[in-house]
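Here is the structure we will look at, set down as structure tokens.
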Amino acid sequence: MPDESTTPDLVKAIRGMFEAGDRRQALDSVMSVLDPNVVMDLSRVGVGSFTGHAAVREFVADWWGSYEDFENKPEEIIDLDNGVVLSISHQIARPVGVSGQVERSDAYVFLFEAGAVVQWTAYPDIDEGRAAAERLAEERE
């Protein structure tokens with residue numbers, strides 16, 4: 001019987017995280033993919049940086065709470081090997097008390113160690129995010 005891979009499916013983990021996020025009540029599912037000491041760097045999108053489960057959980061809960069409707073759909077998720085995953089995601093949301101929607105696309109670079117995300121960095125420039133992810137994967141070879 002062939003050996004089954006013990007390497008986690010990182011693309012599946014990120015896809016599951018986005019799907020849980022779209023349900024918004026599934027914050028525990030989103031957090032389960034993240035290392036307890038995760039660093040979520042949203043400074044390039046003007047939000048700041050958050051370290052650790054408590055800080056990330058509080059940010060995500062506040063973020064979701066500011067919207068009546070919220071979707072963050074990955075257009076592509078690519079495992080670049082060496083624990084690096086790139087996601088190009090499109091957000092569509094309706095802020096609380098507003099009839100219109102806001103939309104944006106970002107590149108997210110996820111760095112995994114021991115099956116958990118230890119770093120999550122957002123890039124508003126898709127090409128910059130893709131290049132950063134590719135460099136990180138090469139550096140980790």
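Points worth noting:
- Pair list, Cβ < 9 Å and 6+ apart or interchain, from segment 123-141 residues that are under 20 Å from G48 (Cα atoms) to residues that are surrounded by 14 or more Cβ atoms within 10 Å (Cβ to Cβ) and among the basic types (K, R): Y123/R44; Y123/R130; P124/R44; D125/R44; E128/R44; G129/R44
- Of all residues in segment 25-42 being open to solvent by 50 Å² or more (accessible area, probe 1.4 Å) and more than 14 Å from the chain's Cα centre (by Cα), the one that is farthest from A114 (Cα to Cα): Q25
- Matching residues, segment 87-114, being touching a helix residue (DSSP H, G or I) at 6+ places or on another chain (Cβ under 9 Å) and open to solvent by 40 Å² or more (accessible area, probe 1.4 Å): V96, R104, S105
- Segment 68-81 residues that are more than 15 Å from K12 (Cβ to Cβ), paired with ones that are among the charged types (D, E, K, R) and open to solvent by less than 50 Å² (accessible area, probe 1.4 Å) (beta carbon under 7 Å, 6 or more apart): E71/D22; N72/D22
- In this structure, I14 does not satisfy being within 18 Å of V117 (Cβ to Cβ), surrounded by 13 or more Cβ atoms within 10 Å (Cβ to Cβ) and at pLDDT 95 or above.
- Test for R104: is it modelled with pLDDT under 95, out of contact with any Lys or Arg (no Cβ under 6 Å at 6 or more places or on another chain) and either under 15 Å from R44 (Cα atoms) or in a helix (DSSP H, G or I) (or both): yes
- Of all residues in segment 60-73, none are surrounded by 16 or more Cβ atoms within 10 Å (Cβ to Cβ) and at pLDDT 95 or above.
- All positions within segment 27-46 that are free of Cβ contacts under 8 Å to residues at least 24 places away in the same chain and under 23 Å from S105 (Cβ atoms): S43, G46
- Search result, residues across segment 37-58 that are at pLDDT 95 or above and of a type in the set (A, V, I, L, M, F, W, C): V38, V39, M40, L42, F50, A54, A55, V56
The values are calculated or read from the model by the stated rules, or taken from the named source; none is laboratory data. Quantities reported herein were computed from a predicted structural model and do not represent experimental measurements. Positions of Cβ are backbone-derived with ideal geometry, glycine not excepted, and every protein chain shown enters the neighbour counts. Each accessible area value is taken on the protein alone, full model and side chains, heavy atoms only, with ligands, DNA and RNA left out. Shrake-Rupley method; radii C 1.70, N 1.55, O 1.52, S 1.80 Å.
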